[in-house]
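The values are calculated or read from the model by the stated rules, or taken from the named source; none is laboratory data. Worth saying up front: this structure is predicted, and the values here are computed from it rather than measured. Cβ placement follows ideal geometry from the backbone for every residue including glycine, while neighbour counts extend to all protein chains displayed.
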Amino acid sequence: MELLRDPDASLIAACRLPNSDGFERAFEQLFEKYRERVYAIAYRVTGNAGDALDVTQESFALVFRKLEGFRGGSLFSTWLFRIVVNCSIDFRRRVGVSRSGALTVVDDLAAASVVDEAPGPRDRAAASELSGQVQQAIGELSPKLRVILALRYLEDMSYEELAATLGLSLGTVKSRLARAHLALETVVRNRFPQLDLSAAAPDSMGGVG
């Protein structure tokens with residue numbers, strides 16, 4: 001199989017030579033390039049800033065140990081994000097859901113529900129309550145369903161990118177997204193019956209297309 005042309009190829013090559021002069025700088029560059037996105041994914045799965053920092057450190061430590069085995073079958077970024085997702089899910093299972101805060105999956109939900117370009121205090125309060133309720137609802141989903149919603153709607157990944165990152169077939173990605181939507185609707189219906197998800201985020205919480 002032909003290896004992909006990876007924009008990080010030169011840095012990866014340097015990181016495979018721990019005794020070389022360029023090793024430390026190359027790994028630092030990879031860390032600087034991806035740390036914010038790694039943290040963002042970890043936070044969206046764990047829902048806790050401290051846990052997200054732990055997962056970020058754990059993920060890069062794992063990358064350091066496993067980089068020798070990375071053969072370029074996917075982009076380095078895809079391989080990295082898969083590690084982050086797995087570390088995040090494992091971490092959340094270890095510590096339990098009690099430490100997880102509200103998951104900020106769709107920060108624009110509130111904005112989408114307020115049509116006035118200059119909302120007043122009452123509008124802003126209603127929008128904040130709506131966003132908080134949606135976050136609570138998503139926080140009750142399983143880690144696998146939370147992560148696919150986060151990657152799809154916050155990281156704006158395509159179905160193909162989701163499949164590569166999660167190691168799933170395209171059909172499984174679409175099926176899991178559908179399950180996530182249905183699970184979220186069930187939680188909302190039982191916990192927040194007054195919440196209209198379609199009005200809050202007609203694009204992001206709709207069907208998988």
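Each row is one residue, and each column tells you yes or no for (1) among the polar types (S, T, N, Q); (2) in contact with a helix residue (DSSP H, G or I) (Cβ under 6 Å, 6 or more places away or on another chain).
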{"site": "Ala14", "(1), (2)": "no, yes"}
{"site": "Ser20", "(1), (2)": "yes, no"}
{"site": "Val38", "(1), (2)": "no, yes"}
{"site": "Gly50", "(1), (2)": "no, no"}
{"site": "Leu53", "(1), (2)": "no, no"}
{"site": "Ser77", "(1), (2)": "yes, no"}
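Across the range 175-209, the qualifying residues are those that are in contact with a His (Cβ under 8 Å, 6 or more places away or on another chain) and surrounded by 13 or more Cβ atoms within 10 Å (Cβ to Cβ), and the one among them that is modelled with the lowest pLDDT is Val208. Within the range 133-176, being within 14 Å of Gly47 (Cβ to Cβ) and not in a helix (DSSP H, G or I) holds for Glu140, Leu141, Ser142, Leu154. When only residues in the range 71-98 that are part of a loop (DSSP other than H, G, I, E, B) and either of a type in the set (Val, Ile, Thr) or surrounded by fewer than 17 Cβ atoms within 10 Å (Cβ to Cβ) (or both) count, which is modelled with the lowest pLDDT? Going through the qualifying residues, I end up with Gly96. In the range 138-153 there is no residue matching the filter, namely being in contact with an Asp or Glu (Cβ under 9 Å, 6 or more places away or on another chain) and modelled with pLDDT of 90 or more. I need a count of the residues in the range 1-48 that are modelled with pLDDT of 90 or more, among the basic types (Lys, Arg) and under 30 Å from Lys144 (Cβ atoms). So the answer is 3. Hey, can you tell me all the residues within the range 47-77 that are touching a residue at least 60 places away in the same chain (Cβ under 8 Å) and among the aromatic types (Phe, Trp, Tyr)? Hit for the range 47-77 is Phe76, nothing else.
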